[in-house]
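Trainee: Below you'll find the structure I mean.
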Ligand SMILES: *[C@@H]1O[C@H](CO)[C@@H](O)[C@H](O)[C@H]1NC(C)=O
Ligand SMILES: *[C@@H]1O[C@H](CO)[C@@H](O)[C@H](O)[C@H]1NC(C)=O
Ligand SMILES: *[C@@H]1O[C@H](CO)[C@@H](O)[C@H](O)[C@H]1NC(C)=O
Ligand SMILES: *[C@@H]1O[C@H](CO)[C@@H](O)[C@H](O)[C@H]1NC(C)=O
Ligand SMILES: *[C@@H]1O[C@H](CO)[C@@H](O)[C@H](O)[C@H]1NC(C)=O
């Protein structure tokens, strides 16, 4: 092992671009592997990932595996993901809290390297591909946008980290690929250029580490892993690196639907589809001859409306396929696959995904997309208001050339009788009042029956026969507290146990937050953003501290309207904060 100062000199040499061809550290760089490595092109590799699944909020948790919402990963999770039809696992890994020394060696805890190596083996031994990265380090030491960022030190640490990861994983087969860093912050061309440099340093480090790494596929990234910034600033790596490479980007758009902002609780209009397609066409247009990978995308079960989510899944996956872009869905452990139960929270999204990836057409539920609408319907539900007489209900579908073959009650397995229990006219499925009366037998709220609809092809869909009443809050007002903290307001749910949107209007009639939303439609004006401004738990709706700060800044009593599904008149609960 060379002394510290000579290491520093060697490292400086490396970073200046006079790249060493031998391992400068005298450790296990230049690893000699005994196994075999079957070389694969970047395009063949990236195609083979489709569809993929992200092991989110796990090895990337801050500070350790298990510290966030997921317990440490168990191999049976990968069995379930494989059985669900996925071909690859992206393994986000945060290294920031596993360094055992600082400059210039930046040693990584060998136990953490071993843990990552073991999880990689759990993935690949099942025949799944594994994509390993450096994840939330981009929020901490590797953030090149911070005013006090020491770029030399970031490059040094980045090289040392990837040299050690590269050494540990040097002899893994060609089913393992690397991604230099997750969503590296960047707002300027200079940041974009620095990311290009970091891509080169990453390639140098894994090549120096040796083994099979010089032949390993890598998915390089641009600033933010954002399609637009990557298109603007990404430059191919130095041709001296022989690694097969593609470009990875992430897509969470449109922001308002994916993150439940400004009352946008549906997706699927012609304009929505055109915007998504334009984004995919633009990145493909910038990378006509480069394999592209969509390494993260999502419309979470937690907060998106069901019918909108199903249409989003279907259209995004078909559009990605059209532009030859394999996809890896983000799953933070709460979004989709329930790891504890070993089940998908919404089986329908999985079936839509499986069918769309195969290129099979899906029938889909229709819902309101008109921005001028004053109420909303979603054909993933049939709703009745408690106390109202039961009437026949028509729900429209987008059959997409398929025909409805059967409807079954998932609990009793009884088939509904066409002509008696339901009928099909044009694209409407109409449930008869006589059938619905067998479901609405009490004033119970929430989902009372779940029906499975099968079609002549594609994914089956479900319709929840549900009942609602306006939920009641434990209090209707409070005085603005002296200091802001999240305000938890107890709620007795009475339908779906989550709000759809939250509106905030000041006593002078003005909008509390984001005044510009006045230009949106009636279901969007004055509505705030999920997580940043509102949330909920089992027993409460929550106004975030930032909202109380806004009330304080405005100095005005503010009326909050919590709106629920279905978004129809009266399905709200009001709360006032007085100043
Ligand atoms: C930046 O990092 C390098 C490498 O660790 C170090 O030599 C240098 O002193 C640092 N510069 C500042 C201003 O801290
Ligand atoms: C490249 O990407 C930019 C930014 O998204 C876009 O404006 C441009 O149209 C794209 N170019 C092509 C040829 O698609
Ligand atoms: C259901 O609610 C209505 C009022 O909405 C009430 O008149 C009726 O008695 C309730 N029925 C039952 C079975 O509780
Ligand atoms: C479908 O149902 C809607 C109400 O949901 C109704 O307005 C429309 O006329 C129906 N169309 C057909 C063809 O029955
Ligand atoms: C809630 O407040 C709005 C006015 O902001 C009012 O129109 C509505 O009737 C109220 N609803 C309930 C259930 O109190």
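The values are calculated or read from the model by the stated rules, or taken from the named source; none is laboratory data. Just so it is clear, the structure is predicted and the values come from calculations on it, not from any experiment. Don't worry about glycine lacking a Cβ; one is built from the backbone with ideal geometry, like all the others, and counts go over all protein chains shown.
Trainee: Since residue 193 meets every condition but one in (1) over 28 Å from residue 306 (Cα atoms); (2) assigned to a loop (DSSP other than H, G, I, E, B), which condition does it not meet?
Mentor: (2)
Trainee: Return the only residue of 478, 484, 507 being farther than 27 Å from residue 307 by Cβ, modelled with pLDDT under 95 and outside the structural domain of residue 307 (by TED's automatic domain parsing).
Mentor: After applying the criteria, what remains is 484.
Trainee: If you don't mind, there's one more thing I want to ask. Name the strands (runs of 3 or more DSSP E) wholly inside segment 391-433 in which the number of residues that are within 36 Å of the chain's Cα centre (by Cα) and more than 12 Å from residue 363 (Cβ to Cβ) is 1 or more.
Mentor: 393-398, 404-409, 428-431
Trainee: Taking segment 437-465, which residues are surrounded by 19 or more Cβ atoms within 10 Å (Cβ to Cβ), more than 16 Å from ligand 3 (Cβ to nearest atom) and farther than 24 Å from residue 354 by Cβ?
Mentor: Correct list: 465 only.
Trainee: Are any residues in segment 490-502 touching a residue at least 40 places away in the same chain (Cβ under 8 Å), surrounded by fewer than 20 Cβ atoms within 10 Å (Cβ to Cβ) and more than 19 Å from residue 378 (Cα to Cα), and if so, which ones?
Mentor: 490, 493, listed by residue number.
Trainee: Just checking, does segment 168-184 include any residue being in a loop (DSSP other than H, G, I, E, B), within 16 Å of ligand 2 (Cβ to nearest atom) and either in the same structural domain as residue 205 (by TED's automatic domain parsing) or under 20 Å from residue 61 (Cα atoms) (or both)?
Mentor: Among the residues of segment 168-184, not one is in a loop (DSSP other than H, G, I, E, B), within 16 Å of ligand 2 (Cβ to nearest atom) and either in the same structural domain as residue 205 (by TED's automatic domain parsing) or under 20 Å from residue 61 (Cα atoms) (or both), which makes the answer no.
Trainee: Let me ask something else. Take residues that are assigned by TED's automatic domain parsing to the domain that holds residue 143 and out of contact with any helix residue (DSSP H, G or I) (no Cβ under 9 Å at 6 or more places or on another chain) and tell me which of the helices (runs of 4 or more DSSP H) falling wholly in segment 197-302 contain 1 or more.
Mentor: The helices (runs of 4 or more DSSP H) meeting that bar are 255-258, 270-286.
Trainee: Now for a separate question. Select from segment 195-217 the residues that are within 27 Å of the chain's Cα centre (by Cα) and either surrounded by 21 or more Cβ atoms within 10 Å (Cβ to Cβ) or within 14 Å of residue 33 (Cβ to Cβ) (or both) and list them in ascending order.
Mentor: Selection gives 195, 198, 199, 202, 216, 217.
Trainee: Next up: With the condition kept exactly as written, say whether any residue in segment 367-383 is closer than 30 Å to residue 55 by Cβ and either touching a helix residue (DSSP H, G or I) at 6+ places or on another chain (Cβ under 6 Å) or within 16 Å of ligand 5 (Cβ to nearest atom) (or both).
Mentor: For segment 367-383, residues closer than 30 Å to residue 55 by Cβ and either touching a helix residue (DSSP H, G or I) at 6+ places or on another chain (Cβ under 6 Å) or within 16 Å of ligand 5 (Cβ to nearest atom) (or both): present.
Trainee: I need a count of the residues in segment 525-579 that are over 23 Å from residue 265 (Cα atoms), assigned to a loop (DSSP other than H, G, I, E, B) and in contact (Cβ under 8 Å) with a residue 40 or more places away in the chain.
Mentor: 3
Trainee: Say whether the condition of being in contact with a helix residue (DSSP H, G or I) (Cβ under 6 Å, 6 or more places away or on another chain), touching a residue at least 40 places away in the same chain (Cβ under 8 Å) and buried (at least 24 other Cβ atoms within 10 Å of the Cβ) is met by at least one residue in segment 317-326.
Mentor: For segment 317-326, residues in contact with a helix residue (DSSP H, G or I) (Cβ under 6 Å, 6 or more places away or on another chain), touching a residue at least 40 places away in the same chain (Cβ under 8 Å) and buried (at least 24 other Cβ atoms within 10 Å of the Cβ): present.
Trainee: Let me ask something additional. For segment 458-476, indicate whether the set of residues that are free of Cβ contacts under 8 Å to residues at least 60 places away in the same chain, in contact with a strand residue (DSSP E or B) (Cβ under 9 Å, 6 or more places away or on another chain) and under 21 Å from residue 348 (Cβ atoms) is non-empty.
Mentor: no
Trainee: Out of segment 496-515, which residues are more than 27 Å from the chain's Cα centre (by Cα) and not in a loop (DSSP other than H, G, I, E, B)?
Mentor: 504, 505, 506, 511, 515 - these are the residues of segment 496-515 that are more than 27 Å from the chain's Cα centre (by Cα) and not in a loop (DSSP other than H, G, I, E, B).
Trainee: Could you run through segment 105-135 and say how many residues are buried (at least 18 other Cβ atoms within 10 Å of the Cβ) and not in a helix (DSSP H, G or I)?
Mentor: 11
Trainee: Restricting the search to segment 386-435, which residues are surrounded by 14 or more Cβ atoms within 10 Å (Cβ to Cβ) and within 16 Å of ligand 3 (Cβ to nearest atom)?
Mentor: 386, 390
Trainee: Next question, about the same structure. Going by what's in this entry, would residue 561 be described as under 17 Å from residue 261 (Cα atoms), under 29 Å from the mean Cα position of the chain (by Cα) and surrounded by fewer than 19 Cβ atoms within 10 Å (Cβ to Cβ)?
Mentor: yes
Trainee: Run down 424, 390 and say which single residue is more than 16 Å from ligand 5 (Cβ to nearest atom), in contact with a helix residue (DSSP H, G or I) (Cβ under 6 Å, 6 or more places away or on another chain) and outside the structural domain of residue 315 (by TED's automatic domain parsing).
Mentor: Just one listed residue meets the conditions, 390.
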